[in-house]
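Notes follow the structure.
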Amino acid sequence: MGVASALAGGLLLEGLSSPLLATPTRVETVKRGDTLWGIAQRYQISVEELMRLNGLKNNRLNIGQKLNIPVLNSSSSSGAYTVRPGDSLYSIAKRHKVTVAELRSLNRKKDNLLQPGDVLRIPGKTPSKIMTSQRKTSVYVAKAQRKIDVRNLSQRRWKHIILHHSGTPTGSGKIFDYYHRRVRGMENGLAYHFVIGNGSESGDGQIEVSERWRRQIHGGHVRSEAYNQNSIGICLVGDFQRSRPTKHQMKSVISLVDHLKNELLHQRPDLLLHRDIQETICPGRYFPEREIHRLFG
């Protein structure tokens, strides 16, 4: 994935230095729904650079505000690709060694639909610091990939990916498994298919793969038998009513969702938050809902 570094930076950084007046720029007018992170992704620059260039001390934007955007030279600019019959975002991304999320973000696409003749911008050969940094963070998926890429994958079964927070400041897959099995009486233990640690009881950003995923069986993470039967549950450790996910957690969840959705399941599942389908605060008010939906629809 090439997005999580910007996402985490856009959420947490403030108080950066004065503008870089010598940088060649163009002007972008802020529109409703724009965020620093979204604009940074659109132009393949870092949130930090965007804030420095505009002398911003926080992440707040106003509709109609003018922002200076760096003009990239030809060695780092995006290329273009004309969609041909049979193409998909996944096949195009694989061909150009980028991710589907990068293509969607750069082209401001809300879905994966393509028509022959469409022209897509392709991230340039010289990636921004955001892209370079985030590709290194694929280590979070790589460490768990043998467990994630199961041989008995039920591609047709999984229609949704649902994101949760644990609602607790600490925890791990092992701890939640004990609670779900011994206290809640769940025969298959841990209700989720994946747990992403925050550094308390497991590594910060560590992806834990549950037996439910390894066995390709239903989850127990929502109060709906229908959704439990066809949805992949991912839980981030933390109470996001009180604090934000860590940078490493966001890198991991975005990398994991991208890998599941676009590489293993070929764009089949939709991405949802728990509160998208039920009356609940999960995954908390500080979870970056807008940015996640902008990436994955």
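General remarks:
- Looking across segment 203-217, just one residue is farther than 25 Å from ASN228 by Cα and assigned to a strand (DSSP E or B), and that is ASP204.
- Meets criteria (over 20 Å from the mean Cα position of the chain (by Cα), within 25 Å of PRO288 (Cβ to Cβ) and among the acidic types (Asp, Glu)) for GLU187: no
- Meets criteria (open to solvent by 10 Å² or more (accessible area, probe 1.4 Å), modelled with pLDDT under 95 and under 17 Å from THR168 (Cα atoms)) for ASP204: yes
- LEU103 at pLDDT 75 or above and under 27 Å from GLU49 (Cα atoms): yes
- For segment 241-290, taking the residues that are assigned to a loop (DSSP other than H, G, I, E, B) and free of Cβ contacts under 8 Å to residues at least 12 places away in the same chain, the one that is most open to solvent (accessible area, probe 1.4 Å) is identified as GLU279.
- In segment 184-202, the residues that are under 14 Å from PRO245 (Cβ atoms) and part of a loop (DSSP other than H, G, I, E, B): GLY199, SER200
- Residue satisfying all of: in segment 140-182; modelled with pLDDT under 85 and either open to solvent by 60 Å² or more (accessible area, probe 1.4 Å) or out of contact with any strand residue (DSSP E or B) (no Cβ under 9 Å at 6 or more places or on another chain) (or both); farthest from SER255 (Cα to Cα) among these: LYS143
- Condition check for VAL257: under 17 Å from ARG157 (Cα atoms) and among the hydrophobic types (A, V, I, L, M, F, W, C): yes
- Residue in segment 109-119 that is in a loop (DSSP other than H, G, I, E, B), at pLDDT 75 or above, touching a Leu at 6+ places or on another chain (Cβ under 6 Å) and not charged (D, E, K, R) present: no
- Of the residues making up segment 87-110, just one is open to solvent by 70 Å² or more (accessible area, probe 1.4 Å), in contact (Cβ under 8 Å) with a residue 40 or more places away in the chain and within 18 Å of VAL257 (Cβ to Cβ), namely LYS110.
- Leading residue by the ranking (nearest to the chain's Cα centre (by Cα)) among those in segment 221-240 that are surrounded by fewer than 20 Cβ atoms within 10 Å (Cβ to Cβ) and not in a helix (DSSP H, G or I): ASP239
- Scanning segment 183-201 for residues that are surrounded by fewer than 24 Cβ atoms within 10 Å (Cβ to Cβ) and either aromatic (Phe, Trp, Tyr) or more than 16 Å from HIS165 (Cα to Cα) (or both) turns up VAL183, ARG184, GLY185, MET186, GLU187, ASN188, GLY189.
The values are calculated or read from the model by the stated rules, or taken from the named source; none is laboratory data. Computed from a predicted model, the values in this text were never measured in an experiment. All Cβ positions, even for glycine, are placed from backbone atoms using ideal geometry, and neighbour counts span all protein chains on display. Accessible surface areas use protein heavy atoms only, side chains included; no ligands, DNA or RNA. Shrake-Rupley method; radii C 1.70, N 1.55, O 1.52, S 1.80 Å.
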